[in-house]
Amino acid sequence: MLVLGIALAGAVGAPARYLVDGVVLDRTEGGLPAGTFVVNVSGSFLFGVLTGLALYHAFPSTPKAILGTGFCGAYTTFSTFTYEVVRLADHGARRSALRVLLASLVGPALAAALGLALAAL
């Protein structure tokens, strides 16, 4: 049942990523991958909250696995972020690629830490 729950949550997370990415890209200008960044930051924040709830408030491990692994795992995307950084660098936008790389490593980590801290309250 756990695997089925993870699969179903993943089936929601992947289209959610697509929709959020599209909404962000429709509202931003430039060649930077803002949609992927927003998806990864928001997904990391949610995973931080889920982890904090499990650590500090006895949130059950099964829903945490379903939402964390299933939804957050399908919602966030390391491969797209990596592709977009390489694409920027390949097209000569090396400074933009470096900025996106650093922001995409630091931003989600800070968002996860904030989610964890908020859940600890």
**Report entry** Residue pairs meeting the criteria (Cβ under 7 Å; at least 6 apart or on separate chains; first touching a residue at least 60 places away in the same chain (Cβ under 8 Å), in region 110-121; second part of a helix (DSSP H, G or I) and of a type in the set (Ser, Thr, Tyr))
**Finding:** 111/44; 112/44; 116/51; 119/56; 120/56
Report task. Please give the number of the condition residue 57 fails out of (1) out of contact with any Pro (no Cβ under 8 Å at 6 or more places or on another chain); (2) surrounded by 16 or more Cβ atoms within 10 Å (Cβ to Cβ); (3) touching a residue at least 40 places away in the same chain (Cβ under 8 Å). Result -> (2)
Query raised in the report: Which residue out of 121, 110, 116 is farther than 14 Å from residue 34 by Cα and at pLDDT below 95?
Result: 121
Query raised in the report: Assuming residue 4 fulfils every condition listed in (1) under 21 Å from residue 87 (Cβ atoms); (2) at pLDDT 95 or above apart from one, which condition is it?
Result: (1)
Query raised in the report: Given the structure, is residue 96 under 28 Å from residue 11 (Cβ atoms) and either surrounded by fewer than 14 Cβ atoms within 10 Å (Cβ to Cβ) or polar (S, T, N, Q) (or both)?
Result: no
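The rows are residues; the columns are (1) hydrophobic (A, V, I, L, M, F, W, C); (2) more than 18 Å from residue 78 (Cα to Cα).
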| position | (1), (2) |
| --- | --- |
| 18 | no, no |
| 31 | no, yes |
| 40 | no, no |
| 49 | yes, yes |
Query - Condition check for residue 19: more than 15 Å from the chain's Cα centre (by Cα), part of a helix (DSSP H, G or I) and over 23 Å from residue 114 (Cα atoms) - result: no
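The values are calculated or read from the model by the stated rules, or taken from the named source; none is laboratory data. Everything quoted here is computed from the prediction, not taken from an experiment. All Cβ positions, even for glycine, are placed from backbone atoms using ideal geometry, and neighbour counts span all protein chains on display.
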